[in-house]
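Everything below concerns the one structure shown next.
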Amino acid sequence: MGDPPVMVFKDVVKVYPLPSGDVTALDGVSFKVDRGEFISIMGPSGSGKSTLLNLMGCLDTPTSGDIYISGIRTGDMSDKELTELRRDRIGFIFQYFNLFPLLNIIENVTFPMMLKSQKEVDPEKGRAALRLVQLDDSLFTHTPTEISGGQQQRVAVARALINDPDILLCDEPTGNLDSKTGAGIMELMSELNRKGTTIIMVTHDPNIAKYSRRTILIADGRIVE
Amino acid sequence: MIFWEIAKRNLRIHLLRSTLAMLGIVIGVVAIASMGILGNTLVLSVSDSLHTVGDSVIVSPYTGGGSGFRQGGGVGSTSLKITDQQYQQIKRAVAPNIAIPVLQTSDIMKLGVGSDTIVAPIYGLNPDDVPNLMKLKAGSYSRSDSGILVGSTFATDHNVNVGSRISIGTDGDKGTLRVTGIIEERGISFDISTDSAVVVTQNWFDTTYNRIDYDTVVVKVDQGVDSAVVKTTIEKQMNKRDKVVSVMDSKATLATIFTAFGAITTFVTAIGGISMIVAGVSIFNIMMMSVSERIKEIGIMRSIGTQKREVMSMFIYEAAILGVIGSVIGGVLSIIAGYGVSALLLNTTKYLFVWSSAIPIIEGVCFGIIISLACGVYPAWKAANLIPIEAMRHE
């Protein structure tokens with residue numbers, strides 16, 4: 001028997017109750033993601049991509065249906081358990097990099113490690129992760145504001161990978177970069193995927209989606225392809 | 001300890017507002033501690049002045065009734081008196097404690113040829129009782145009717161020494177007495193105030209002023225005896241049918257005075273506490289600002305696996321740093337402020353470096369830290385309970 005899927009959605013529904021009436025953002029979404037996949041999620045604005053990403057990242061809970069991360073059902077988990085799940089099994093990469101301005105590059109990268117170990121960590125592990133994303137050693141002690149957008153996104157990738165997550169969730173990872181820098185980041189993602197990292201990426205850019213090996217197209221809260 | 005580091009760095013990059021918030025705590029601690037020091041100094045100062053009379057029960061005629069008392073003689077004296085018979089009753093009732101009858105008047109006196117005449121209180125005491133009531137700083141107790149003791153202030157003010165002569169009465173018609181001793185300063189007292197007075201023998205007083213009744217009876221309560229019991233004994237004995245004497249327990253009176261001083265100290269310290277509350281509001285304000293400015297950062301932290309308690313700790317650390325540094329600086333400055341206030345208002349700083357003066361400083365510092373932490377709790381709780389998705393969307 002092989003590894004269980006790293007992520008399973010079973011008939012997931014997400015409804016936002018609003019004063020003007022309920023809005024169904026996801027309507028019976030089911031899919032699974034196997035280890036080592038590189039999936040892009042595409043769809044027009046308002047189709048439910050962000051809602052799907054939030055549910056995959058355990059940042060939100062479904063109205064109905066079940067979500068499994070690495071075989072663990074998330075529906076009955078407490079906030080503490082979900083936080084631990086995000087910390088240990090999911091890596092996040094955001095469009096706007098979202099590094100911590102008060103910490104230098106090494107500290108940003110090792111931050112999730114410190115959360116996990118609850119003590120000081122070996123900065124050499126951070127350096128190794130930064131070298132993996134091809135960031136120059138001379139930048140390690142700089143603050144995020146002192147480096148370029150592309151370099152910041154590489155740091156964000158290193159931070160997302162530092163705890164060896166089961167899944168890398170990327171929200172428009174090249175959305176705030178020029179095309180050349182964006183291509184460099186996507187090459188990096190492809191390389192990571194080739195080494196075994198499971199990647200799920202939300203994008204509206206078909207050129208970026210080409211880097212993935214499977215595309216989930218979503219419209220009106222339903223998977224259409 | 002990454003959250004401790006983040007807290008420190010956040011305060012450092014907002015140095016001005018952090019310093020201002022800290023300044024509020026400094027002022028609050030100084031206000032509380034220096035008021036506490038002032039109150040403590042006041043209590044110690046009064047306690048020092050009064051502790052020698054804390055073992056007395058003073059019996060005086062009841063001025064509201066008056067039956068059973070004769071009108072006394074003496075210059076200008078029209079008050080009620082305690083008869084010798086009543087004195088004997090008091091003496092028996094309080095034995096083995098010593099009951100000392102006191103005669104009192106005031107008269108004109110001249111301190112030497114060519115000097116001005118003055119008017120001063122005169123106490124008449126049995127020579128055997130004098131050592132029980134007062135100590136001398138110079139000379140000796142006199143058993144002779146021709147001897148006189150003078151109070152320390154009296155001696156200083158009028159340049160009187162042992163051996164000086166004092167003529168009493170207009171043109172010295174009541175006699176001239178020789179100073180045999182100078183009484184040690186007694187300060188404020190409930191029984192007799194000798195600092196600016198003179199003390200003669202009871203015999204001379206009786207003969208000169210034709211007095212046989214007493215103004216007061218001072219009962220010196222032995223160590224280990226409850227003065228309240230002595231007071232009750234006298235009242236039961238003397239005020240059986242009518243109230244003929246008033247009895248004052250100096251220890252109880254002292255306790256009342258100290259209670260009053262304690263209340264005053266608490267009141268002024270509470271006023272100082274208002275500034276601490278204001279400082280706390282300032283801390284609360286900058287902590288709320290800090291949370292508002294970092295909502296997105298908190299959202300990111302939560303999304304990548306930071307627990308609520310860790311977010312909370314980060315803001316509590318900020319409040320703690322402000323509180324501890326501000327309070328410690330305030331504590332140090334309050335010693336200086338306490339020194340200044342004591343020197344200025346009480347003309348003494350000798351009570352500053354005693355343990356009881358350290359207590360208001362410790363209380364002020366602790367209060368500063370507690371207020372800072374308390375004012376940091378709600379902003380920290382608010383930060384910790386932000387919904388990660390909403391926090392990340394915040395711009």
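In this structure, is residue B:342 closer than 21 Å to residue B:28 by Cα, out of contact with any Cys (no Cβ under 9 Å at 6 or more places or on another chain) and crowded, with 17+ Cβ neighbours inside 10 Å?
Working: closer than 21 Å to residue B:28 by Cα: yes; out of contact with any Cys (no Cβ under 9 Å at 6 or more places or on another chain): yes; crowded, with 17+ Cβ neighbours inside 10 Å: yes.
So residue B:342 fits the description; yes.
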Answer with yes or no whether residue A:107 is away from chain B (no Cβ under 14 Å), over 21 Å from residue A:171 (Cα atoms), assigned to a helix (DSSP H, G or I) and of a type in the set (Asp, Glu).
no
Kindly provide the set of residues from segment A:115-126 that are free of Cβ contacts under 8 Å to residues at least 24 places away in the same chain, at the interface with chain B (Cβ under 10 Å from one of its Cβ atoms) and within 14 Å of residue A:84 (Cβ to Cβ), ordered by number.
A:118
Per the filter on segment B:305-336, residues more than 14 Å from every other protein chain (Cβ to nearest Cβ) and touching a Gly at 6+ places or on another chain (Cβ under 9 Å) are B:316, B:319, B:320, B:322, B:323, B:324, B:326, B:327, B:328, B:330, B:331, B:334
State whether one or more residues within segment A:16-26 are assigned to a loop (DSSP other than H, G, I, E, B) and either within 19 Å of the chain's Cα centre (by Cα) or surrounded by 17 or more Cβ atoms within 10 Å (Cβ to Cβ) (or both).
no
Kindly list, by first and then second residue, each pair from a residue in segment B:19-41 that is closer than 21 Å to residue B:346 by Cβ to a residue that is among the charged types (D, E, K, R), limited to pairs with Cβ atoms under 9 Å and residues at least 6 apart or on different chains.
B:32/B:363; B:33/B:363; B:36/B:363; B:41/B:350
Close pairs from segment A:67-91: first modelled with pLDDT under 90, partner surrounded by fewer than 17 Cβ atoms within 10 Å (Cβ to Cβ), Cβ under 6 Å, at least 6 apart
A:71/A:4; A:75/A:66
Which number in (1) under 30 Å from residue B:131 (Cα atoms); (2) modelled with pLDDT of 85 or more; (3) in contact with a helix residue (DSSP H, G or I) (Cβ under 9 Å, 6 or more places away or on another chain) marks the one condition that residue B:235 misses?
(3)
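Conditions (1) in contact (Cβ under 8 Å) with a residue 24 or more places away in the chain; (2) under 33 Å from the mean Cα position of the chain (by Cα), marked per residue:
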site	(1), (2)
B:242	yes, no
B:252	yes, yes
B:257	yes, yes
B:260	no, yes
B:270	no, yes
B:276	yes, yes
Can you list residue pairs whose Cβ atoms sit under 6 Å apart, with the first residue in segment B:129-146 being outside the structural domain of residue B:91 (by TED's automatic domain parsing) and the second being among the hydrophobic types (A, V, I, L, M, F, W, C) and surrounded by 17 or more Cβ atoms within 10 Å (Cβ to Cβ)? Count only pairs 6 or more apart in sequence or on different chains.
none
Kindly indicate whether any position in segment B:358-377 is crowded, with 17+ Cβ neighbours inside 10 Å, more than 27 Å from the chain's Cα centre (by Cα) and small (Gly, Ala, Ser).
yes
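Being among the charged types (D, E, K, R) and surrounded by fewer than 16 Cβ atoms within 10 Å (Cβ to Cβ) is the filter here; which residues of segment A:28-58 pass it?
Residues of segment A:28-58 among the charged types (D, E, K, R): A:32, A:34-35, A:37, A:49.
Passing the criteria: A:32, A:34.
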Please work out which one of (1) in contact with a strand residue (DSSP E or B) (Cβ under 7 Å, 6 or more places away or on another chain); (2) within 12 Å of chain B (Cβ to nearest Cβ) is the condition residue A:162 fails and give its number.
(1)
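Residue-by-condition table, conditions (1) surrounded by fewer than 15 Cβ atoms within 10 Å (Cβ to Cβ); (2) at pLDDT 80 or above; (3) assigned by TED's automatic domain parsing to the domain that holds residue B:210:
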position: B:62; (1), (2), (3): no, yes, yes
position: B:66; (1), (2), (3): yes, no, yes
position: B:73; (1), (2), (3): no, no, yes
position: B:76; (1), (2), (3): yes, no, yes
position: B:82; (1), (2), (3): no, yes, yes
position: B:86; (1), (2), (3): no, yes, yes
position: B:90; (1), (2), (3): no, yes, yes
position: B:94; (1), (2), (3): no, yes, yes
position: B:98; (1), (2), (3): no, yes, yes
Right, residue B:25: modelled with pLDDT of 90 or more and away from chain A (no Cβ under 11 Å) or not?
yes
Quick one: how many residues across segment B:321-339 are in contact (Cβ under 8 Å) with a residue 40 or more places away in the chain and either over 26 Å from residue B:45 (Cα atoms) or crowded, with 20+ Cβ neighbours inside 10 Å (or both)?
12
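Within segment B:379-395, identify whether any single residue is farther than 30 Å from residue A:171 by Cβ, buried (at least 17 other Cβ atoms within 10 Å of the Cβ) and not hydroxyl-bearing (Ser, Thr, Tyr), and answer yes or no. If you could, list the steps in order and put the result at the bottom.
Here is the first cut: in segment B:379-395, the ones farther than 30 Å from residue A:171 by Cβ are none.
No - not one qualifying residue is present in segment B:379-395.
Conditions (1) within 14 Å of chain B (Cβ to nearest Cβ); (2) among the hydroxyl-bearing types (Ser, Thr, Tyr), marked per residue:
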| site | (1), (2) |
| --- | --- |
| A:63 | no, yes |
| A:79 | yes, no |
| A:86 | yes, no |
| A:92 | yes, no |
| A:103 | yes, no |
| A:128 | no, no |
| A:136 | no, no |
| A:139 | no, no |
Of the residues in segment A:41-61, those that are facing chain B (nearest Cβ under 9 Å) and free of Cβ contacts under 8 Å to residues at least 24 places away in the same chain number 1
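The rows are residues; the columns are (1) closer than 30 Å to residue B:220 by Cα; (2) outside the structural domain of residue B:84 (by TED's automatic domain parsing); (3) surrounded by fewer than 20 Cβ atoms within 10 Å (Cβ to Cβ).
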{"position": "B:240", "(1), (2), (3)": "yes, yes, yes"}
{"position": "B:250", "(1), (2), (3)": "yes, yes, no"}
{"position": "B:262", "(1), (2), (3)": "yes, yes, yes"}
{"position": "B:270", "(1), (2), (3)": "no, yes, yes"}
{"position": "B:286", "(1), (2), (3)": "no, yes, no"}
{"position": "B:299", "(1), (2), (3)": "no, yes, no"}
{"position": "B:312", "(1), (2), (3)": "no, yes, no"}
{"position": "B:318", "(1), (2), (3)": "no, yes, no"}
Determine, yes or no, whether residue B:285 is polar (S, T, N, Q), at pLDDT below 95 and over 30 Å from residue A:108 (Cβ atoms).
no
In segment B:249-304, what residues are away from chain A (no Cβ under 14 Å) and either basic (Lys, Arg) or outside any helix (DSSP H, G or I) (or both)?
B:249, B:251
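Out of the residues in segment A:68-96 meeting the condition of being part of a strand (DSSP E or B) and within 14 Å of residue A:167 (Cα to Cα), tell me which one is farthest from the chain's Cα centre (by Cα).
Here is the first cut: in segment A:68-96, the ones part of a strand (DSSP E or B) are A:68-69, A:72-73, A:90-93.
With the extra rule that they be within 14 Å of residue A:167 (Cα to Cα), the set shrinks to A:68-69, A:72, A:90-93.
Numbers: A:68: 16, A:69: 13, A:72: 18, A:90: 7, A:91: 5, A:92: 3, A:93: 5 Å.
So, considering only residues that are part of a strand (DSSP E or B) and within 14 Å of residue A:167 (Cα to Cα), the one farthest from the chain's Cα centre (by Cα) is A:72.
The values are calculated or read from the model by the stated rules, or taken from the named source; none is laboratory data. Computed from a predicted structure; not experimentally measured. Cβ coordinates were reconstructed from backbone atoms using ideal geometry, including for glycine residues, and neighbour counts include every protein chain displayed.
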